[in-house]
Ligand SMILES: C[S@@+](CC[C@H](N)C(=O)[O-])C[C@H]1O[C@@H](n2cnc3c(N)ncnc32)[C@H](O)[C@@H]1O
């Protein structure tokens, strides 16, 4: 079966935040407010489990204990890079193949896309990439130890335009705290976006965070061999500007 091509929309020119509504929603962040698909611990039974043939695809809740044990070992055995929102996985599949000595974990809430990545990784014989269709914001703080991540890649995150969806944004103060906690000292946060207002907001949030230093454009060179994501290819095709931001954990 051939893969459907991504249907990317150009997006808006303005980027707004309903501060009052967002603040109210964030006050309930620890109760799982804003998680995509809701708090998984409260989901009714009956959600179809991930197919068993993908030995490196998982959901934190519902994974067999042996699988979780394997995953925990994997997360500790080599420098760890994490991607949030992989889409079809063009970047991470190639980046993992280029770096067999490092371990990779990618999150994509759309199950079909996550499984597609798992399938391609299996076909390519990639043993250094695990995939999850969990909301990364739920799973990361529950799965990983502080200071255990070498690099976070967050490439073209959804802007979540609607006021009621803004709590789903990856770059909100509570989740930035999680990223800071999980990155090892001198670890790297690599971000791309084609939404100028979101870029400024991300930059402002990270610049005012005590644990981050940046932006550091000179770090781009380290990723010069990275395959562009589908969104980046789309932007290049239509001439839409985008920018990369690199921040380092103190
Ligand atoms: C705009 S797309 C970009 C995809 C890809 N990075 C690219 O540049 O082509 C953002 C992707 O992130 C996924 N996503 C959004 N929030 C997420 C989250 N909290 N955890 C995991 N995936 C998420 C969405 O399902 C979507 O596929």
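Quick notes
- Convex hull volume of the C-alpha atoms in the chain, normalised per residue: 135 Å³.
- Order by protection proxy (mean Cβ within 10 Å, highest first), peptides 149-156, 163-170: 149-156, 163-170
- Distance from the C-alpha centroid of segment 177-192 to that of segment 29-94: 19 Å, rounded to the whole angstrom.
- DSSP assigns beta bridges within segment 134-250; of those with both partners inside it, close to 55 percent run antiparallel.
- Theoretical gain in end-to-end length, residue 207 to residue 18 [0.36 nm per residue, Cα-Cα removed]: 65.9 nm
- Normalised by the number of residues in segment 101-250, the average gap of Cα pairs under 8 Å and 6 or more apart makes the relative contact order 23 percent.
- Extending 7 Å from Cα along the Cβ direction at residue 216 and again at residue 27 yields two label points whose distance is 3.8 nm.
Only the coordinates and a few stated rules stand behind these numbers; no lab work does. Given the structure is predicted, the values throughout are model-derived calculations rather than measurements. Don't worry about glycine lacking a Cβ; one is built from the backbone with ideal geometry, like all the others, and counts go over all protein chains shown.
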